[in-house]
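The values are calculated or read from the model by the stated rules, or taken from the named source; none is laboratory data. Everything numeric here is computed off the predicted structure, so don't read it as measured data. Cβ coordinates were reconstructed from backbone atoms using ideal geometry, including for glycine residues, and neighbour counts include every protein chain displayed.
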Amino acid sequence: MKLPLNLPLLKARQTKYVAYATLYIAVVLAVIVVANVLGDRYNKTYDATANKRYSLSEQTAKIAKGLKEPVTIYYFDRPTGFTRAKDTLDEYANLSHKVHVEYVDLEKNPLAAREAGIRSLGTAVVQIGSRKEEAKSLDEEGITGAFIRDLKSTTRTVCFVTGNGEHQIDETGTDGYSRFKGMLGKEGYETKSIDLLTKAEIPSECTVVVVGGPKSDYQQPEVDAIKKYVEGGGRAMFLLNPPLKMGRSEIADNEGLSKVLEDWGVTPDKDLILDLNPIGQIAGLGLEDALVTHYDSQEIVNPLKGTGTAFPYSRSLAVKNGDKTTVDKLFETSGQSFATPKLDTPRINENDPNNKKGPLTLAAAGSYRTAKENTQGRFVVVGSSDWASNAYLPFGGNRDLAMNAINWLASDEELISIRPKDRDNRTVTMTRAQLNWVGITSLGILPIGIAVAGVWVWWRRR
């Protein structure tokens with residue numbers, strides 16, 4: 001017996017299924033199209049590495065977002081080399097709609113490199129308006145450095161005072177300032193050494209003068225030259241170690257220079273700071289290294305929140321506003337620190353009543369009101385000089401602090417930020433005993449344990 005078929009109902013159901021299937025397909029296609037359009041227009045990635053090695057830094061983002069005119073990055077190479085540069089250059093284009101990237105194919109246009117003055121394949125050139133700068137390398141420091149040199153059309157020179165035992169910018173040892181010099185070059189600053197003993201006058205081309213840890217006393221003409229320079233609208237950074245009287249390399253009191261700073265509102269105290277903070281010891285620092293993790297509110301240190309800095313062999317500062325100066329404290333040592341006035345002996349009593357208890361002011365920045373309209377002198381004082389040396393500059397935020405201070409002194413506030421971080425060395429280093437233990441575990445204990453577990457499971461099932 002056959003059951004009658006309800007054809008209208010069957011057709012209605014088929015139509016409904018077709019409609020649902022068509023709708024689902026249309027929705028899926030729409031989602032795919034929208035996802036592709038958004039993916040093409042907005043390149044969003046997440047960098048999970050510890051030091052954000054695959055992301056552009058805050059400094060680069062700040063520069064790109066503050067652009068006032070279009071920028072074009074030209075990359076000259078063969079097509080096979082475009083892939084190598086695309087990941088980095090496209091990140092710049094994603095930061096701002098004013099940044100454009102053009103890949104110049106030297107196989108199709110071999111004369112383009114000659115016209116642009118390009119000498120080697122894989123070269124990037126940053127053009128802002130009519131200004132062009134070749135990137136020194138195809139990484140963030142090289143390309144961002146070209147941006148900065150383009151934006152800063154005038155030459156800016158940082159002059160380091162020599163002749164009194166200061167750190168040398170050409171010294172590559174642990175005590176030298178060659179790394180500091182290299183960082184300044186990457187941000188478009190020129191550097192030079194000046195000797196005020198030969199001629200007690202700050203050269204006119206000096207944008208910023210750095211007094212980097214003198215060991216002997218400045219003569220009065222040298223002091224007068226620095227005083228006249230800052231009070232006339234110049235900019236200077238003073239990095240002064242405590243006047244230790246131990247061993248062969250004693251450090252002079254430098255009373256003349258200290259008196260000028262005191263008149264401006266910053267008095268360097270004759271003491272040595274020791275830090276008992278256990279966090280510093282975990283980070284590999286000694287008692288003579290002051291660890292700073294908290295900062296006051298000022299342009300130089302605002303980006304350093306949450307970053308540690310270290311200051312070996314440091315002295316405390318007393319800070320106040322002067323008659324013509326406004327002085328801001330930058331940061332203090334930890335509450336576990338203290339300053340001893342005994343500078344001629346390594347035997348220090350933590351409980352000596354003459355000690356000053358922390359927190360202790362370690363750095364200050366000030367402005368001097370000159371007689372000229374819209375002109376002010378600026379100065380930064382830090383109670384240590386070794387923190388900017390080759391040995392300590394890579395620690396935590398030391399290099400950011402050094403460069404931010406120079407940026408502020410040179411009125412380049414738009415460059416104040418956190419710089420690109422060095423790539424971490426993720427190499428695993430183990431002792432012979434640790435290597436033996438890894439071998440015993442992987443080749444002995446684990447296989448035996450798996451075999452025993454297999455036998456036990458077999459026995460249970462049997």
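Could you say whether any residue in the range 194-206 is surrounded by 20 or more Cβ atoms within 10 Å (Cβ to Cβ) and either at positive phi or in a loop (DSSP other than H, G, I, E, B) (or both)?
Within the range 194-206, one or more residues are surrounded by 20 or more Cβ atoms within 10 Å (Cβ to Cβ) and either at positive phi or in a loop (DSSP other than H, G, I, E, B) (or both).
Please verify whether Gly247 is exposed (fewer than 15 other Cβ atoms within 10 Å of the Cβ) and over 18 Å from Val381 (Cα atoms), treating the condition exactly as stated.
Values: exposed (fewer than 15 other Cβ atoms within 10 Å of the Cβ): yes; over 18 Å from Val381 (Cα atoms): yes.
In short, yes.
Considering the range 353-375 alone, what residues qualify as being part of a loop (DSSP other than H, G, I, E, B) and under 15 Å from Val292 (Cα atoms)? Walk me through it before giving the result.
So in the range 353-375, the residues part of a loop (DSSP other than H, G, I, E, B) come out as 353-355, 358-360, 370-375.
Once the filter is applied, which keeps residues that are part of a loop (DSSP other than H, G, I, E, B) and under 15 Å from Val292 (Cα atoms), the range 353-375 yields Gly358, Pro359, Leu360.
Looking only at strands (runs of 3 or more DSSP E) that fall completely inside the range 97-158, which ones have 2 or more residues that are among the β-branched types (Val, Ile, Thr)?
Values: elements: 99-105, 123-128, 131-134.
The strands (runs of 3 or more DSSP E) meeting that bar are 99-105, 123-128.
Considering the range 376-417 alone, what residues qualify as being touching a strand residue (DSSP E or B) at 6+ places or on another chain (Cβ under 9 Å) and part of a loop (DSSP other than H, G, I, E, B)?
Gly383, Ser384, Ser385, Ser389, Ala391, Tyr392, Phe395, Gly396, Gly397, Ala410, Ser411, Asp412
Can you name the condition, by its number, that Thr309 falls short on among (1) among the β-branched types (Val, Ile, Thr); (2) over 23 Å from the mean Cα position of the chain (by Cα); (3) crowded, with 17+ Cβ neighbours inside 10 Å?
Only one criterion in (1) among the β-branched types (Val, Ile, Thr); (2) over 23 Å from the mean Cα position of the chain (by Cα); (3) crowded, with 17+ Cβ neighbours inside 10 Å is unmet by Thr309, namely (2).
Could you please let me know if Glu140 is buried (at least 16 other Cβ atoms within 10 Å of the Cβ), acidic (Asp, Glu) and at pLDDT 90 or above? Lay out the reasoning, then the answer.
On the way: buried (at least 16 other Cβ atoms within 10 Å of the Cβ): yes; acidic (Asp, Glu): yes; at pLDDT 90 or above: no.
Here the answer is no, as Glu140 does not meet what is asked.
Could we say that Leu272 is within 24 Å of Gln219 (Cβ to Cβ) and either surrounded by 21 or more Cβ atoms within 10 Å (Cβ to Cβ) or not assigned by TED's automatic domain parsing to the domain that holds Leu196 (or both) here?
Working: within 24 Å of Gln219 (Cβ to Cβ): no; either surrounded by 21 or more Cβ atoms within 10 Å (Cβ to Cβ) or not assigned by TED's automatic domain parsing to the domain that holds Leu196 (or both): yes.
No: the conditions fail for Leu272.
Applying the selection to the range 69-108, what residues are surrounded by 13 or more Cβ atoms within 10 Å (Cβ to Cβ), under 19 Å from Ala146 (Cα atoms) and free of Cβ contacts under 8 Å to residues at least 24 places away in the same chain?
Matches in the range 69-108: Lys86, Ala93.
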